[in-house]
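Everything below concerns the one structure shown next.
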Amino acid sequence: MIKVLIADDEIIVRAGIKSLINWEENGFRVVGLAVDGKEAMEMIHGEKPDIVLTDVMMPKMSGIDLIKAAKAEYPFIKFVVLSCHNDFEYVRRAMKYGAEDYVLKLSMDSDELLELLLALSKKIKEERKLKSAEFCLVDQDGLSERSKRIAYFISLINGERRSLDVNDSKAVKLFYISAHKVLAFIKIDNFNNINEDRGKAESTLINVMEQQLKGKGLLEVFKYKENSFIVLLSFENEEYNRIDETVNNICQKLQVFINKYVNVTISIGISNVFKDYYDLDTAFKQADQACKYRFYNGAGTVCKYREGIFSDESVQVFSAKEQKELIDYLDTCDTNSINPFINNIIYELAKIRPPVEKCVQLFMEIYYCMGSVLKNYGDSIKSENGTGTPNYIQISKVEFITDAREILLQYGEYCANQIENARNAVYRKEIMAATDYIKKNYSSNISLKSVAQHVFVSDSYLSRIFKENLNMSFVEYLTGIRIEKAIEFIKTTNLPNYAIAEKIGYENINYFGRVFKKTTGLTPTQYRSKYNSFDTGKNSE
């Protein structure tokens, strides 16, 4: 059974989720219902659940803080964030700290939740299977000398051993102790697109590499993790200043051979030259970083590690100004501007070449920015793109910058088309008229009654169609628009909080502060301070 913990400060939400599906029939067991983040953390210590469904805003400890704290101690736990907030910032932060997925409480149904849980269950079981295999490998009894040696190499690569003594080397039959060595980290490009048995493809790759590298300094070749392979090369008689050239030639020829006989392309990251086996962890980190350079260079990359391989230059390509531009383009369904906008961001990133993780974070921000606009028209942020996998999952696992570009372009076009369809739909005319009026007059003392009079419908009818079409009340929508404008003022001006409150339609500064905190989780002053350190070009939390 997969153990599940539910954390939400609203009893109706906890009870609703627990009754939404037949847990045990589908292989799950609810091990706890926590009323806040602190209680959830205590239950995590006791139950060690496999999956945690957590609200974002909870007393004592927020969902974001819960994820950070739990992941530090129990990295195997899969988190799913529950929220009724529209601000994509919550999703970005949750994904940043390790959340697997995101569900809107107001629109969640049993089929959606079960599909999500089953996908996580499959992932957990695959990880357990891999962990079991690794455990068997590390269990030295009855293993071949080679298996013992590979297990020892893995422990060095993982930083689990910091020294190397004579007894260790004899126990695992290490050789070429004093020779110069190089570690190559190899990944199959577009691995997720392999339709055949992936395990078979991996085994074939290892066999081919073993055959091709014989007599070329091969010390060892083995699978490290899924689609992660390590080749150790040793050069006992090679001149030191020729090793880099020799390794590069070996890797180039290996690529050609594998492409011809295995029908896949591979990318290879190469470490600096080292001698001592206990430097394997450093060599691995270098080769891993070098292999990530394929993100920019594309499939079939061979890259030697160097200091500063990725730029530490500040990346300011999606500031508050650019976010507003993108939102305006989507609101007006301006696809002629959306595509160049996204292409320009990709161009700037490819020119600067920041760390891959920073790019992926930025892509997630762009995606959720577009999704937040789409949600204003009643659609779901979890729109798929013909692959069965939500776009934001594809972005979080993207291999190449060109793939991210295509996902964002397609999603931008999809959002614009959906928004245009919504605007043109006959049954949405009253809603569009009402929302347009609110967007223009949010700073005035408007109400459900005054807006209903403006669009020539009754109060009750307008209230009902807001719920039906936007999955929120009139007040929630008006508040969202006002807080969105308040955030814009905070990000782009130095206006004091009372002036911002007046500009967005609140006469009472204290009431404005309460509404702002309820919506964003922060006071206006805290948000201003936090935004000033927010990293789309500045340091994040």
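Restricting the first member to the stretch 337-358 and to residues that are without any contact (Cβ under 8 Å) to a residue 40 or more places away in the chain and assigned by TED's automatic domain parsing to the domain that holds ILE401, and the second to residues that are among the β-branched types (Val, Ile, Thr) and crowded, with 16+ Cβ neighbours inside 10 Å, the beta-carbon pairs closer than 6 Å and six or more apart or on different chains are ILE345/VAL317; GLU348/VAL317.
Name the residue that is surrounded by the most Cβ atoms within 10 Å (Cβ to Cβ), counting only residues in the stretch 1-35 that are charged (D, E, K, R) and more than 20 Å from ASP101 (Cα to Cα). It comes out as GLU10. Scanning the stretch 170-179 finds one or more residues that are in the same structural domain as ILE268 (by TED's automatic domain parsing), assigned to a helix (DSSP H, G or I), modelled with pLDDT under 75 and farther than 24 Å from TYR293 by Cβ.
Evaluate the following for THR402: is it surrounded by fewer than 18 Cβ atoms within 10 Å (Cβ to Cβ), modelled with pLDDT under 85 and outside the structural domain of GLY505 (by TED's automatic domain parsing)? It is false that THR402 is surrounded by fewer than 18 Cβ atoms within 10 Å (Cβ to Cβ), modelled with pLDDT under 85 and outside the structural domain of GLY505 (by TED's automatic domain parsing). The set of residues in the stretch 211-221 that are closer than 16 Å to GLN255 by Cβ and either small (Gly, Ala, Ser) or within 35 Å of the chain's Cα centre (by Cα) (or both) contains only VAL221. Across the stretch 466-525, the number of residues qualifying as of a type in the set (D, E, K, R), out of contact with any Asp or Glu (no Cβ under 9 Å at 6 or more places or on another chain) and either within 20 Å of LYS375 (Cβ to Cβ) or not assigned by TED's automatic domain parsing to the domain that holds ASN445 (or both) comes to 7.
Elements of the type helices (runs of 4 or more DSSP H) sitting completely within the stretch 184-303 and holding at least 2 residues that are β-branched (Val, Ile, Thr): these cover 198-213, 243-261.
The values are calculated or read from the model by the stated rules, or taken from the named source; none is laboratory data. As the structure is a computational prediction, the values presented were derived from the model and not from experiment. All Cβ positions, even for glycine, are placed from backbone atoms using ideal geometry, and neighbour counts span all protein chains on display.
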